[in-house]
Amino acid sequence: MATPLLAEFPELAHLSREDLEDLLADPVYFQAIFHSLGGVRRLYQSQADLGFANETIANNNLHLQQPLYNLRSETQDAFDEAKSLEARWKELEKEQRDLYQRYTPQFLLMRLKHSITAQDDASEALATAFVRPPTSVNPTSGTGTPAPNNEIDDFVKEFKELRKIYHKRVLWAEKWSKGDVVWREDY
């Protein structure tokens, strides 16, 4: 009948009882026998294989370390550039909205109404200046001299042009208020 020790470690079956007692009493002899056991040798071999595998992996990681640092740096640079471009994009979008704001239908209608008022004021100022011209005073008689004919022709021509522009703008404003003007915003 085999003892549990010999069943678990069949390599010790050839040792006598005295050898087994010496094994327990002498640590050097114990270490020599222990390290000669097949299970222990397989365990040490597995441990050595794992150590070699770990060393191989560590060396491979060391070889990959610099390319990974370079890639990390390139990625950070690309990320920073993307953030910078994103910020620039937002600035450009704001500029674009501000520029397009000047061409919205509401803004253009407001500008048209202001230009109608300004055109009316300009033509009225021209008419007022013509009606009350700076006349030269005749020192002997004390009366003013009338404007020459070519000045009248120039006034009529200029006043007519100003009023034509005014009436065109009024006409556009009336069409706009009736809904006859459609603004395309697709370009």
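The values are calculated or read from the model by the stated rules, or taken from the named source; none is laboratory data. Note that the coordinates shown come from a computational prediction; the quantities given were computed from them, not determined experimentally. Glycine gets a Cβ as well: all are built from the backbone with ideal geometry, and neighbour counts include every protein chain shown.
Structure notes:
- Scanning the range 147-187 for residues that are at pLDDT 60 or above and part of a loop (DSSP other than H, G, I, E, B) returns ALA147, PRO148, GLY179, ASP180, VAL181, VAL182, TRP183, ARG184, GLU185, ASP186.
- Between LEU126, LEU109, LEU99, the distinction of being closer than 25 Å to GLU161 by Cα and either outside the structural domain of ASP153 (by TED's automatic domain parsing) or at pLDDT below 90 (or both) belongs to LEU109 only.
- Single residue of GLN101, GLN76 found to be in contact with a Phe, Trp or Tyr (Cβ under 9 Å, 6 or more places away or on another chain) and more than 26 Å from LEU12 (Cα to Cα): GLN101
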